[in-house]
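The values are calculated or read from the model by the stated rules, or taken from the named source; none is laboratory data. These numbers come from a predicted model, not from an experiment. Positions of Cβ are generated from backbone atoms using ideal geometry, with glycine treated the same way; all protein chains shown enter the neighbour counts. Please note that ligands, DNA and RNA were not included when accessible areas were found on the heavy atoms of the full protein model with its side chains. Shrake-Rupley method; radii C 1.70, N 1.55, O 1.52, S 1.80 Å.
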Amino acid sequence: MTIDPSSFPPDFVWGAATASYQIEGAAHEGGRGESVWDRFCATPGKVRGGDNGDVACDFFHRYPEDVKLMKDLGLDAFRFSIAWPRVLPQGRGEVNQAGLDFYDRLVDELLANEIEPFPTLFHWDSPQALEEQGGWRVRETAEAFVEYAEVVAGRLGDRVRHWITHNEPWVYAWIGHSWGRHAPGRTSEADAVAVAHHLLLSHGWAVDAIRRGAPDARVGITLNLAHTYPASDTPEDEAAAWQVDGEGNRWFLDPLFRGSYPADLLERNALVAPALQDGDLETISAPIEFLGVNNYSRFIVAAGADGPRMVGNPDAQHTEMGWEVYPDGLRDVLVRVSRDYEPAAIYITENGAAFGDVRVHDGHVHDVERTSYLESYVGAVGQAIADGSPVKGYFVWSLLDNFEWAEGYSKRFGIVYIDYPTLERVPKDSFYWYRDLLASRHGAPQPPSPIAAA
């Protein structure tokens, strides 16, 4: 597939994305407090290989080198997350100025290199101190989040224009609180529903808090959305697919854009009722400037004896995560969300793939599969735009290989290879493909990649 960047809107933002716990390291430096992921990683058997984020990519110390890579890549924007326990070690109360100083320096470094900062306030590394007081299961944590948002916006709001409140609340709520596979490792469906509600509530409150600290701010939230396809056209499979869509997509889209939870999910509505107070849904549905969409694959759903079940596609290519490569799923979810919810703008805040990358004898990483994946998914974004979807930007996941949560360092998503023993950065083939794509917008000739010259 040949992609013509000039077919995208002239103000389209091309970026790359990361998250604090996955890249920063310096877990015990600069006054940072403990996060739920620090505690989870220290619990035997929770993370593959016993890995943790203590060092990760050492972005905390090496960010000038990484910003230079972004500049060489030609990025318009960089999506990163701010570590709540680095700013407020106890979750609320005393501010750690050294932590704020780090993000202050990072924002200045990005702007000096003409790269727009897109910070996310919460990408799952909740302060452990708050978890011990009930965490996101209780309403007080949503209130604490607003205090945190005020502190960060007050410090960075004079330079940061785009803000994301939360990343993938479904993942943090269900994988962390119902399935037990992510921090904090709980296994209660009722907890997951309460957590999701408090995440959404804190988003609505934080929208106002950010705008108070940064009057020109454009504020949004990022959801992980996957289009659901019935395994057949039988009424049973279609109903099963609709249920999965409700649980994963509509449970967040409906309150954000319609001010209500999906009425067809009766059991879920019964679980959320104890957490729901007057005015909550109006708060959650406060107008936002954009919706962030993370997408990696699709769901094929069939009816089963015990409820909906996922059906694989054995003939398709799959990534190292076991996810089907299906770019039409991204186009379909963008068109559907644009039609049904009419967001003012959409940014693809994450899209990418893990493959078994190796550094070969020539010193390079020839990730042909990832390059093909990115090309096909970027093409799907272009198709969605042609179909009327208001997509304003695309962020590849991820800039760097990093700590992949419960998978530790076993999965590589980056367009830059990290040699973990030395922390050397090695741009992959996909890095140069992306660089050349972005450069072609301006017709500027690029130096040949060292891979091509080898």
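Relative to the compact-globule scaling 2.2 N^0.38 Å, provide the ratio for the alpha-carbon radius of gyration of the stretch 160-205.
Details: Rg = 11.6 Å, N = 46, 2.2 N^0.38 = 9.4 Å.
Normalised Rg, Cα atoms only: 1.23.
At most 13 other C-beta atoms within 10 Å and a DSSP loop state: those are the exposed GluC sites (Glu not before Pro) I care about. Give me the longest piece of the chain that has none.
Working: sites that count: E94, E114, E132.
Longest gap between qualifying sites, sites excluded: 133-454.
If a/c stays under 1.5 just call it rounded; otherwise compare a/b with b/c (prolate if a/b is bigger, oblate if not). Do that for the stretch 298-422, with a ≥ b ≥ c from the square roots of the Cα gyration tensor eigenvalues. Before the final figure, lay out each step's value.
Details: a/c = 2.12, a/b = 1.38, b/c = 1.54.
Cα axes put the stretch 298-422 in the oblate bin.
Report, in whole Å, the centroid distance computed from the Cα atoms of the stretch 63-121 and the stretch 257-281.
Taking the Cα centre of each part, the stretch 63-121 and the stretch 257-281 sit 35 Å apart.
Between S440 and D104, take the C-beta separation as r, use R0 = 41 Å, and let me know the FRET efficiency to the nearest 0.05.
Numbers: r = 34 Å, r/R0 = 0.83.
Between S440 and D104 the formula returns 0.75.
Which lysines have a Cα less than 17 Å from the Cα of K71, not counting those fewer than 8 places away in the same chain?
K428
Starting from the Kirkwood Rh over alpha-carbon pairs, what translational D in µm² s⁻¹ does the stretch 199-284 have by Stokes-Einstein at 10 °C and 1.306 mPa s? Walk me through the numbers on the way to the answer.
Values: Rh = 14.7 Å.
Calculated translational D: 108 µm²/s.
Run the numbers for E282 and D158: contour at 0.36 nm per residue of separation, minus the present Cα-Cα distance, in nm.
Fully extending the segment from E282 to D158 adds 41.8 nm.
Percent relative contact order of the chain, based on C-alpha pairs within less than 8 angstrom and at least six residues apart?
Values: 929 pairs, mean separation 78.7, N = 454.
It rounds to 17 percent for the chain.
Along Cα→Cβ, 7 Å out, is where each label goes; now give me the distance between the ones at E189 and D72 in nm to one decimal.
5.1
First compute the accessible area of the chain with a 1.4 Å probe, then give the percent of it belonging to carbon and sulfur atoms. Can you show the working numbers first?
Values: 8430 of 17020 Å².
Reported share for carbon and sulfur atoms: 50 percent.
Using all C-alpha to C-alpha distances in the chain, build P(r) with 20 Å bins and read off the rounded percent in each one.
25, 62, 13, 0
Based on the Cβ-Cβ distance from A345 to V55, what FRET efficiency comes out when R0 is 56 Å, to the nearest 0.05? Could the numbers behind the result be given before it?
On the way: r = 37 Å, r/R0 = 0.65.
The computed FRET efficiency comes out at 0.95.
Using the Cα centre of the chain as origin and beta-carbon charges of +1 (Lys, Arg) and -1 (Asp, Glu), tell me which of Q277, G33, G414 is placed farthest towards the positive end of the dipole.
G33
Give me the net charge of G15's neighbourhood, meaning all other residues with Cβ under 12 Å from the Cβ of G15; Lys, Arg count +1, Asp, Glu -1. If you can, show how the numbers build up before the last one.
Numbers: positive: R79, K392; negative: D76, E116, E350.
Charge balance near G15 sits at -1.
List the lysines whose Cα lies under 18 Å from the Cα of K46, skipping any in the same chain that are fewer than 8 positions away.
K411
Which value, in Å², gives the accessible area per residue of the chain when a 1.4 Å probe is used on the protein heavy atoms? Please list the in-between numbers first.
Working: 17020 Å² over 454 residues.
Result: 37 Å² of accessible area for each residue.
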